[in-house]
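Engineer: Below: one structure in structure tokens.
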Amino acid sequence: MDIPVKKEGLRKYAWLPLDNAAKIYPAVRSKEHTTVFRLSVILNERVNIGCLLRAIRKTEARFPYFKVCLRKGFFWYYLEHIACPLIPVADNQGICRAFDIVYMKDALLFRIVVINNRISVEFSHILTDGTGASVFFKTLLLAYFAEKEGKGIDYSATGRSSDIQDQEFEDAYNQYFKADIPPVIQYTKAFHLPYVLNEKPRYHTLTALVSLAEIKSKAREKGASITDYLVAVYLAVLQDIYTEMPRYSRYGKRKILRVQVPINLRQIYPTQSLRNFSLFVLPEIDLRLGQYSFDEIIKIVYHKMKLETDEKLINKIISRNVGSEKNFFVRGIPLFLKDLILYFKYYSQGANQYSGVVTNLGRIELPAEIEKHVDHFVFIPPPPNKKLKVNCGVIGFRDLLVISFGNISRTNDLEKKFFRFLTHQGIRVKLTTY
Amino acid sequence: MKFCPRCGVELDGSMDICPLCGCSEFDQPPTQEDSKTAGINRHYERLLDGYEHLTRKQKRMLFWEMSGIILFSGILVTLIINLVLSKSITWSRYSITVCLVLFANISLLSFWRHRLFLLLGGSFVTTSLLLILLDMYNQKIGWGTQLGIPLLLSFYLVIIVLTWIIRKTKQHGFNVLGYIFLSVGFLSLCIEGILSWYFKSDFRFQWSLIVFACMTAIAAILFFIHYRLNRGMDLRRFFHI
């Protein structure tokens with residue numbers, strides 16, 4: 001079913017303030033630290049560009065609030081609706097490239113890139129998070145296969161209706177903000193990988209296919225979820241890296257290993273919002289207390305994940321984040337000063353608090369008649385900042401778990417150790433070219 | 001079925017060019033082997049393009065070398081003719097000095113074109129040197145240091161500030177014209193000031209004030225057109241707090 005786009009309807013999306021999570025990204029983004037992530041689908045057949053073009057026309061009409069560009073206001077950045085058509089481009093210019101930083105120019109904050117049998121969407125985090133992007137991407141795929149087979153789009157597979165809902169572009173952080181909640185405790189600084197940065201363009205990726213059934217059974221053996229298991233492996237690898245460092249290199253390095261795990265808040269709060277709506281859980285091990293076995297690490301991760309996804313605690317974090325945005329003094333600071341403050345705050349506090357990031361987008365479900373055309377999905381995380389150096393993204397489809405590492409350093413040591421750990425656990429790992 | 005050899009995507013029968021890359025030469029359905037070699041072929045295509053066309057840097061180097069050859073040939077020829085005819089260096093020193101200053105400026109433009117302050121600073125130093133030398137060749141009447149260099153300095157300063165502002169400006173339009181008009185007004189103030197100091201040992205501004213006022217008024221109109229009328233910006237969204 002096609003979406004009717006009424007002009008008066010579009011007035012609602014004429015401009016939008018950035019959501020709470022997105023406010024930091026314009027201040028910290030750069031040509032290298034792009035804050036852009038990618039979702040790809042690898043099909044069993046070559047992409048038919050005619051069908052894709054028609055599918056894009058229908059999908060962009062369904063998600064008008066994504067067709068915006070970033071503008072600079074006096075106090076805050078904002079998103080302004082632009083009418084330029086979404087045109088796919090050939091996928092031959094690097095992964096997760098930055099979007100245009102010229103604020104006067106009409107430049108969208110997402111793109112569709114295509115090559116051979118691979119369709120990808122790249123979204124700036126300013127616009128949405130992984131869940132928002134995956135809903136858009138699934139709709140695009142449904143529209144594409146509907147075009148190929150000459151049928152209408154079945155929106156039920158995306159969990160959304162064919163009509164544009166106002167809730168989809170609301171700032172859910174604001175909706176669930178509660179005033180007068182005590183602030184959360186600040187985290188101490190964490191260990192960072194000691195690797196040397198790559199030459200520009202720094203970002204490179206490594207992708208591996210893992211059997212979902214095998215990793216699931218291993219995680220179940222330990223009584224944990226797949227995310228808990230992968231985070232525990234990441235922490236174990238960080239511990240190995242720290243232990244293998246020469247004694248003199250360890251001097252001055254923090255001994256707390258902490259991994260940031262984004263949590264999709266839509267699982268906790270009933271919202272339809274497709275803009276950013278996630279927070280982080282930070283499982284950690286403290287090497288000042290000694291070395292940890294893998295079983296000990298997974299136990300810590302499991303309990304930390306359970307404790308910190310409690311609704312009351314999440315309320316506390318939302319209130320902290322949104323509260324500072326609502327502060328009248330903060331609101332009155334001109335944007336150029338806000339940019340400076342946010343930049344220094346991000347690098348002095350935010351990026352210092354964790355040693356790595358593991359983002360699990362979950363399992364992508366498609367109707368059976370479409371599934372047979374798809375080989376697998378890939379989720380490439382945004383380029384990490386200079387302190388973090390490595391990011392990890394995970395996505396599942398059918399019996400495959402696809403683990404991708406985005407790296408800006410000169411070594412793949414962490415990735416090697418990570419996949420070797422999995423193979424030693426009896427999980428088959430197949431590295432794949434992307 | 002048609003396939004784009006560059007992007008590897010399948011095209012509709014009605015499509016004459018690939019909408020992704022604009023390629024108009026299509027392949028037959030590729031085999032698995034073709035898909036593997038597609039990436040390698042693209043790499044070689046790019047290399048071949050590189051051999052056939054010089055890069056901008058190579059073009060700049062070529063221009064610099066050619067200018068060097070022409071200017072130094074000119075220096076050599078005038079020097080020899082002067083020596084043969086007059087048995088000493090007399091009139092040829094003018095052409096030698098001008099050629100050397102010209103070569104220095106071309107070198108600055110070739111190697112420091114992205115380093116604005118070094119480029120303009122270097123150009124100012126070499127051109128000042130030219131004025132001093134020309135002054136010296138003409139019985140040191142002093143116009144080079146007292147008039148020529150201050151005028152040159154004001155000109156270069158205005159150019160540096162103007163270029164810096166234009167580079168910093170995010171959207172180029174009527175605002176650039178506005179900045180140029182303002183610069184012309186300011187430059188006219190400098191010229192009259194320096195001239196009046198040289199001839200009357202006093203700063204007196206007459207015609208330049210009128211020029212400056214006119215230029216400022218025109219610039220104000222241009223800025224208004226650019227920043228208010230052209231953008232049509234909604235104040236509510238611009239100042240949302």
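Engineer: List every residue pair whose Cβ atoms lie under 7 Å apart, where the two residues are 6 or more positions apart in sequence or sit on different chains, the first residue falls within region A:86-97 and is facing chain B (nearest Cβ under 7 Å), and the second residue, located anywhere, is part of a loop (DSSP other than H, G, I, E, B) and buried (at least 21 other Cβ atoms within 10 Å of the Cβ).
Structural biologist: That search, which allows pairs on different chains as well, returns A:Pro88/B:Leu20; A:Val89/B:Leu20; A:Ala90/B:Cys7; A:Ala90/B:Leu20.
Engineer: Now for a different question. If you check B:Ser35, B:Ser24, which single one turns out to be at pLDDT below 80, facing chain A (nearest Cβ under 7 Å) and within 46 Å of the chain's Cα centre (by Cα)?
Structural biologist: B:Ser35 is the lone residue from the list that is at pLDDT below 80, facing chain A (nearest Cβ under 7 Å) and within 46 Å of the chain's Cα centre (by Cα).
Engineer: Say we look at region A:109-124 and pick out the residues that are in a loop (DSSP other than H, G, I, E, B) and either in contact with a Leu (Cβ under 7 Å, 6 or more places away or on another chain) or at pLDDT 95 or above (or both); which of these is nearest to the other protein chains (Cβ to nearest Cβ)?
Structural biologist: By that ranking, first place goes to A:Asn117.
Engineer: Condition first: modelled with pLDDT of 90 or more, under 24 Å from the mean Cα position of the chain (by Cα) and within 13 Å of another protein chain (Cβ to nearest Cβ). Can you find one or more residues in region A:36-48 that meet it?
Structural biologist: Within region A:36-48 (the criterion being modelled with pLDDT of 90 or more, under 24 Å from the mean Cα position of the chain (by Cα) and within 13 Å of another protein chain (Cβ to nearest Cβ)), the answer is yes, since at least one residue qualifies.
Engineer: How about region A:310-353: which of its residues are among the β-branched types (Val, Ile, Thr) and crowded, with 17+ Cβ neighbours inside 10 Å?
Structural biologist: A:Ile314, A:Ile317, A:Ile318, A:Val322 - these are the residues of region A:310-353 that are among the β-branched types (Val, Ile, Thr) and crowded, with 17+ Cβ neighbours inside 10 Å.
Engineer: Hey, any hits in region A:58-78 for a residue that's of a type in the set (A, V, I, L, M), modelled with pLDDT of 95 or more, more than 25 Å from B:Asp12 (Cβ to Cβ) and in contact with a strand residue (DSSP E or B) (Cβ under 6 Å, 6 or more places away or on another chain)?
Structural biologist: No; the residues of region A:58-78 include none that is of a type in the set (A, V, I, L, M), modelled with pLDDT of 95 or more, more than 25 Å from B:Asp12 (Cβ to Cβ) and in contact with a strand residue (DSSP E or B) (Cβ under 6 Å, 6 or more places away or on another chain).
Engineer: Can you tell me how many residues within region A:89-133 are within 22 Å of A:Ser273 (Cα to Cα) and touching a Cys at 6+ places or on another chain (Cβ under 8 Å)?
Structural biologist: Count: 3.
Engineer: Check A:Arg57, A:Arg111 and return the single one that is more than 23 Å from the chain's Cα centre (by Cα) and in the same structural domain as A:Ile153 (by TED's automatic domain parsing).
Structural biologist: Exactly one of A:Arg57, A:Arg111 is more than 23 Å from the chain's Cα centre (by Cα) and in the same structural domain as A:Ile153 (by TED's automatic domain parsing), namely A:Arg57.
Engineer: May I ask you to say which residue of A:Val394, A:Val429, A:Val358, A:Val390 is buried (at least 17 other Cβ atoms within 10 Å of the Cβ) and over 20 Å from the mean Cα position of the chain (by Cα)?
Structural biologist: The conditions single out A:Val429.
Residues checked against (1) within 14 Å of chain B (Cβ to nearest Cβ); (2) touching a residue at least 40 places away in the same chain (Cβ under 8 Å):
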| site | (1), (2) |
| --- | --- |
| A:Ile298 | no, yes |
| A:Val322 | no, yes |
| A:Phe328 | yes, no |
| A:Asp339 | no, yes |
| A:Ala351 | no, no |
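Engineer: Picking from A:Arg275, A:Arg288, which residue would you name as being more than 24 Å from A:Asn391 (Cβ to Cβ) and not β-branched (Val, Ile, Thr)?
Structural biologist: Just a single option satisfies the conditions, and that option is A:Arg288.
Engineer: Under the condition of being at pLDDT 80 or above and in contact with a helix residue (DSSP H, G or I) (Cβ under 7 Å, 6 or more places away or on another chain), which residue from region B:130-144 is surrounded by the fewest Cβ atoms within 10 Å (Cβ to Cβ)?
Structural biologist: My answer is B:Tyr137.
Engineer: Considering only region B:155-196, how many residues are assigned to a helix (DSSP H, G or I), without any contact (Cβ under 8 Å) to a residue 24 or more places away in the chain and over 16 Å from the mean Cα position of the chain (by Cα)?
Structural biologist: 4
Engineer: Just a yes or no: is a residue in region A:322-331 assigned by TED's automatic domain parsing to the domain that holds A:Ile408, modelled with pLDDT under 85 and among the β-branched types (Val, Ile, Thr)?
Structural biologist: Yes: one or more hits.
Engineer: Now, a different point. Just checking, does region A:134-142 include any residue being buried (at least 22 other Cβ atoms within 10 Å of the Cβ), assigned to a loop (DSSP other than H, G, I, E, B) and not assigned by TED's automatic domain parsing to the domain that holds A:Ile318?
Structural biologist: Within region A:134-142, none of the residues are buried (at least 22 other Cβ atoms within 10 Å of the Cβ), assigned to a loop (DSSP other than H, G, I, E, B) and not assigned by TED's automatic domain parsing to the domain that holds A:Ile318.
Engineer: Continuing with the same structure: Under 7 Å between Cβ atoms, at least 6 apart or on separate chains: pull out the pairs that start in region A:54-78 with a residue that is in contact (Cβ under 8 Å) with a residue 60 or more places away in the chain and end on any residue that is of a type in the set (Lys, Arg).
Structural biologist: What qualifies is A:Gly73/B:Arg237; A:Phe75/A:Arg331; A:Tyr77/A:Arg71; A:Tyr78/A:Arg71; A:Tyr78/B:Arg237.
Engineer: Say we look at region B:89-116 and pick out the residues that are farther than 15 Å from B:Leu71 by Cα and among the hydroxyl-bearing types (Ser, Thr, Tyr); which of these is surrounded by the most Cβ atoms within 10 Å (Cβ to Cβ)?
Structural biologist: Looking at residues that are farther than 15 Å from B:Leu71 by Cα and among the hydroxyl-bearing types (Ser, Thr, Tyr), I get B:Ser110.
Engineer: Answer yes if at least one residue in region A:95-103 is aromatic (Phe, Trp, Tyr), within 15 Å of A:Leu39 (Cβ to Cβ) and outside the structural domain of A:Thr271 (by TED's automatic domain parsing), and no otherwise.
Structural biologist: No, region A:95-103 contains no residue that is aromatic (Phe, Trp, Tyr), within 15 Å of A:Leu39 (Cβ to Cβ) and outside the structural domain of A:Thr271 (by TED's automatic domain parsing).
Engineer: Also, I was wondering about something else. Determine which single condition A:Tyr292 fails, assuming it passes every other condition in (1) under 21 Å from the mean Cα position of the chain (by Cα); (2) at pLDDT 95 or above; (3) in a loop (DSSP other than H, G, I, E, B).
Structural biologist: So the condition that A:Tyr292 fails would be (1).
The values are calculated or read from the model by the stated rules, or taken from the named source; none is laboratory data. This structure is a prediction, so every number in the text was calculated from the model and none was measured. Every residue, glycine as well, gets a Cβ built from its backbone with ideal geometry; the counts of neighbours run over all protein chains shown.
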